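Peer 1: Quick one: structure below, then a few questions.
The values are calculated or read from the model by the stated rules, or taken from the named source; none is laboratory data. Fair warning: this is a prediction, and the values are worked out from it, not measured in the lab. Cβ placement follows ideal geometry from the backbone for every residue including glycine, while neighbour counts extend to all protein chains displayed.
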Amino acid sequence: MKALCIAFAMYSKIPMPRVEWEERSLAWALCWFPLVGAAAGLALLGWFRLAAVLGLGQALTAAGALLVPILVSGGIHLDGFCDTCDALASNQSRARKLEILKDSRTGAFAVIGCGLYLIVFFACWREAEAAGRAALALALGPVLSRSLSGLFAATLPNARGSGLLASFTAPMDAARARVVLGLWSAGSAAAMALLAPWTGGFALIGAALASLYYVTMSRRQFGGITGDLAGFFLQICELAMVLGGVIGQKIEVLA
């Protein structure tokens, strides 16, 4: 239970009991990371239901769908996205890019990247048909994104060998963690595809493309991953899944 509390305390704003962050608990915390996504997904479903009851329009419903996961996470992953935008746009050496990731100051490219990201994500949610089984499939997106993020953290090399992410992965039994997070990934992906084949299936294509980009980019640009890069991946993965789901829905109508 300590590992579960640590996962929620670190990666969400959901109040949790205070526990000691001992090494044994830290070793399993990322294995509970997908449950934080489940909480975000449940909050999304609640928002969709509330929006339907109140008769809210597409724009306000989309704005809420964009904001709910950010509120649940406290913006920690969006912060990593912004830091990564600054680092990628710097065109500096690998070492300098890693320094920029650690810099708490917000640069121009972070502001530009975040603004564009939120606009595109809002537009995707506005186009999405988030009702019935399609809504359930899309609400599983935060579970899959966190499952994949944890899986990559347990698989890819750490670019620094230190830092917050390393404090979770260093004491981890990587082989067992990969099995657990792999099962989380496979289970959530299968559920998305079974619930809504067009919406969920194309959302999975989006997740696969985001994963391919993340693995390639992090190795080439940084020599591995960091906590900020993990947050960057989670954000682009969730955007790619909603965009993919929208494309799937459009194709389904034409088919």
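Peer 1: What number of residues in the stretch 137-179 are part of a helix (DSSP H, G or I), of a type in the set (A, V, I, L, M) and surrounded by fewer than 20 Cβ atoms within 10 Å (Cβ to Cβ)?
Peer 2: 5
Peer 1: Got at least one residue in the stretch 233-240 being in a helix (DSSP H, G or I), modelled with pLDDT of 95 or more, closer than 30 Å to ARG105 by Cα and touching a Gly at 6+ places or on another chain (Cβ under 6 Å)?
Peer 2: Within the stretch 233-240, one or more residues are in a helix (DSSP H, G or I), modelled with pLDDT of 95 or more, closer than 30 Å to ARG105 by Cα and touching a Gly at 6+ places or on another chain (Cβ under 6 Å).
Peer 1: Identify the residue in the stretch 12-40 that is among the β-branched types (Val, Ile, Thr) and in a loop (DSSP other than H, G, I, E, B) and, among all such residues, is farthest from SER149 (Cα to Cα).
Peer 2: Checked the stretch 12-40; the qualifying residue farthest from SER149 (Cα to Cα) is VAL19.
Peer 1: For the stretch 99-112, does any single residue satisfy the condition of being aliphatic (A, V, I, L, M), at negative phi and within 16 Å of the chain's Cα centre (by Cα)?
Peer 2: No, the conditions are met nowhere in the stretch 99-112.
Peer 1: Still on this model: Could you give every pair whose Cβ atoms fall below 9 Å, whose first residue belongs to the stretch 34-58 and is closer than 14 Å to ALA131 by Cβ, and whose second residue is among the polar types (S, T, N, Q) and at pLDDT 95 or above, counting only separations of at least 6 or pairs across chains?
Peer 2: From residues that are closer than 14 Å to ALA131 by Cβ, the pairs are TRP47/THR61; PHE48/THR61; ALA51/THR61; ALA52/THR61.
Peer 1: Which number in (1) among the small types (Gly, Ala, Ser); (2) within 28 Å of LEU88 (Cα to Cα); (3) under 17 Å from the mean Cα position of the chain (by Cα); (4) surrounded by fewer than 17 Cβ atoms within 10 Å (Cβ to Cβ) marks the one condition that SER218 misses?
Peer 2: The number of the failed condition is (4).
Peer 1: Another one. Out of (1) surrounded by fewer than 20 Cβ atoms within 10 Å (Cβ to Cβ); (2) under 18 Å from VAL120 (Cβ atoms), what's the single condition that is false for PRO69?
Peer 2: In the conditions (1) surrounded by fewer than 20 Cβ atoms within 10 Å (Cβ to Cβ); (2) under 18 Å from VAL120 (Cβ atoms), PRO69 misses (1) alone.
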